[in-house]
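The values are calculated or read from the model by the stated rules, or taken from the named source; none is laboratory data. Fair warning: this is a prediction, and the values are worked out from it, not measured in the lab. In this analysis, Cβ positions are derived from the backbone assuming ideal geometry, glycine residues included, and neighbour counts consider all displayed protein chains. Side chains included, ligands, DNA and RNA excluded: accessible areas come from the protein's heavy atoms. Shrake-Rupley method; radii C 1.70, N 1.55, O 1.52, S 1.80 Å.
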Amino acid sequence: MTATAAAGGSRLAAARRVVVKVGSALLVEKSTGSVNRAWLESLADDIAALRIRGQEVVLVSSGAIALGRRELKLLAGRLKLEESQAAAAVGQIRLAHAWKEVLERRGLTVAQVLLTLGDTEQRRRYLNARNTLETLLRLGAIPVINENDTVATAEIRYGDNDRLGARDAQMVRTDCNVLLSDVDGLYAADPTRDPEAPFIAEVQRITPEIEAMAGGSSSDVGSGGMATKVMAARIAVAAGCHLCIAAGRESHPLARIESGARCTWFLAEASPVTVRKQWIAGMLKPAGELAVDEGAVRALRAGRSLLPAGVVTVKGPFDRGDALVVRDLQGTEIARGLAAYSSTEAERIRGRRSGDLEALLGYRGRDEMIHRDDLVLV
């Protein structure tokens with residue numbers, strides 16, 4: 001095993017939270033159009049091993065359209081948009097059942113989450129999706145995410161689960177994103193045309209030269225080629241997440257990565273939390289302000305969250321998820337963070353104990369006005 005391969009395996013083993021994207025060409029047998037059960041069982045073993053080690057896992061699974069087209073007896077070749085959507089509607093049931101079967105046999109709770117790229121790009125939908133995923137992970141479940149192909153339009157024709165997986169990794173602040181595919185990584189040229197093309201084991205920075213190395217999809221059942229994987233890597237590393245492109249056809253693909261199997265790693269320069277806090281600190285136009293008492297100032301400087309009880313005044317308007325300035329009673333800026341409540345709700349609960357929030361708001365929200373993961377001292 002080379003030093004680079006050993007370091008890559010260590011990155012996966014050390015990650016607190018891992019997103020694993022599974023391509024259609026791996027999950028669906030080309031000859032029969034059905035789920036590759038033996039391979040899926042081996043991947044489930046790998047996932048169970050990560051969970052036993054205390055790692056959180058998010059799955060992004062392709063395969064719904066490939067499974068559905070078999071059931072609908074659609075001919076091989078490119079499908080029309082409405083045929084893709086119909087196939088997705090049928091195949092999604094079979095895909096979710098397959099994951100539920102193999103993971104529940106290993107004592108793991110499975111949750112199905114259907115998203116589109118819009119759910120990760122529009123602020124309110126992004127916050128709702130993030131909160132759902134964070135809650136599922138906190139409760140010990142494994143979210144199995146797929147693109148909501150039955151309602152997507154441009155996503156089916158131009159989108160892919162590689163980028164969706166990277167957006168999910170960004171959303172839930174993942175340390176490591178693994179793209180299991182029918183290729184083992186990035187080459188300097190198309191290896192199907194140039195067998196001598198050098199293999200790229202590690203990418204420190206995504207340059208135009210790196211992007212030029214990407215080609216198209218070589219699979220009949222998948223939509224994501226190397227170009228989409230490099231685009232996904234750009235999203236992931238910008239969010240502080242290492243991304244790995246690895247061959248998944250062999251049994252136990254995650255264990256093979258940890259053992260030093262050949263793959264390409266795109267390296268992030270900082271952790272997800274560091275990247276997020278750098279972004280918060282650099283916000284030029286916060287939407288509102290909160291003034292807090294001395295007790296809250298001490299709590300923030302000790303690394304705690306900002307609770308409603310410590311908030312004295314609210315200046316808005318702002319919505320949930322907007323950036324806020326936090327000031328002490330003398331007007332000095334002490335922190336910036338992302339609001340867990342709108343200005344209207346914040347005004348209603350300021351100065352109140354967290355236990356009173358449900359009665360005041362009519363629903364049970366977060367205990368914090370700004371969570372410490374969404375806050376940075378200045």
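Of all residues in the range 194-208, those satisfying the criterion of being closer than 14 Å to Arg234 by Cα, assigned to a loop (DSSP other than H, G, I, E, B) and open to solvent by less than 60 Å² (accessible area, probe 1.4 Å) are Ile206, Thr207. The residues of the range 235-266 that are under 18 Å from Met213 (Cα atoms) and surrounded by fewer than 17 Cβ atoms within 10 Å (Cβ to Cβ) amount to a single one, Arg262. Across the range 175-193, the qualifying residues are those that are assigned to a loop (DSSP other than H, G, I, E, B) and at pLDDT below 90, and the one among them that is surrounded by the fewest Cβ atoms within 10 Å (Cβ to Cβ) is Arg193. Listed by first and then second residue, the pairs linking a residue in the range 76-91 that is under 17 Å from Asn161 (Cα atoms) to a residue that is open to solvent by 50 Å² or more (accessible area, probe 1.4 Å) and of a type in the set (Lys, Arg), with Cβ atoms under 6 Å apart and 6 or more places separating them unless they lie on different chains, form an empty list.
Within the range 349-364, the set of residues being within 21 Å of Val297 (Cα to Cα) and open to solvent by 80 Å² or more (accessible area, probe 1.4 Å) comprises Arg350, Arg352, Arg353.
Scanning the range 75-89 for residues that are buried (at least 18 other Cβ atoms within 10 Å of the Cβ) and in contact with an Asp or Glu (Cβ under 9 Å, 6 or more places away or on another chain) turns up Ser84, Gln85, Ala87, Ala88. Any idea which residue in the range 267-282 is most open to solvent (accessible area, probe 1.4 Å), counting only those that are charged (D, E, K, R) and out of contact with any strand residue (DSSP E or B) (no Cβ under 7 Å at 6 or more places or on another chain)? Among those that are charged (D, E, K, R) and out of contact with any strand residue (DSSP E or B) (no Cβ under 7 Å at 6 or more places or on another chain), it is Glu269.
If the condition is being among the charged types (D, E, K, R), in contact with a strand residue (DSSP E or B) (Cβ under 6 Å, 6 or more places away or on another chain) and buried (at least 19 other Cβ atoms within 10 Å of the Cβ), then the range 283-324 contributes no residue at all. Search the range 43-62 for residues being part of a loop (DSSP other than H, G, I, E, B) and modelled with pLDDT of 90 or more, and hand back the single one that is most open to solvent (accessible area, probe 1.4 Å). Per the stated criteria, the residue is Arg53.
Taken together, the residues in the range 118-144 that are in contact with a strand residue (DSSP E or B) (Cβ under 8 Å, 6 or more places away or on another chain) and more than 25 Å from Arg364 (Cβ to Cβ) amount to 1.
Here's the yes/no breakdown for (1) closer than 18 Å to Gly23 by Cα; (2) in a helix (DSSP H, G or I); (3) open to solvent by less than 50 Å² (accessible area, probe 1.4 Å); (4) in contact with a Ser or Thr (Cβ under 8 Å, 6 or more places away or on another chain):
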{"site": "Leu67", "(1), (2), (3), (4)": "yes, yes, yes, yes"}
{"site": "Leu95", "(1), (2), (3), (4)": "yes, yes, yes, yes"}
{"site": "Trp99", "(1), (2), (3), (4)": "yes, yes, yes, yes"}
{"site": "Val102", "(1), (2), (3), (4)": "yes, yes, yes, no"}
{"site": "Val113", "(1), (2), (3), (4)": "yes, no, yes, yes"}
{"site": "Arg124", "(1), (2), (3), (4)": "no, yes, no, no"}
{"site": "Glu134", "(1), (2), (3), (4)": "no, yes, yes, no"}
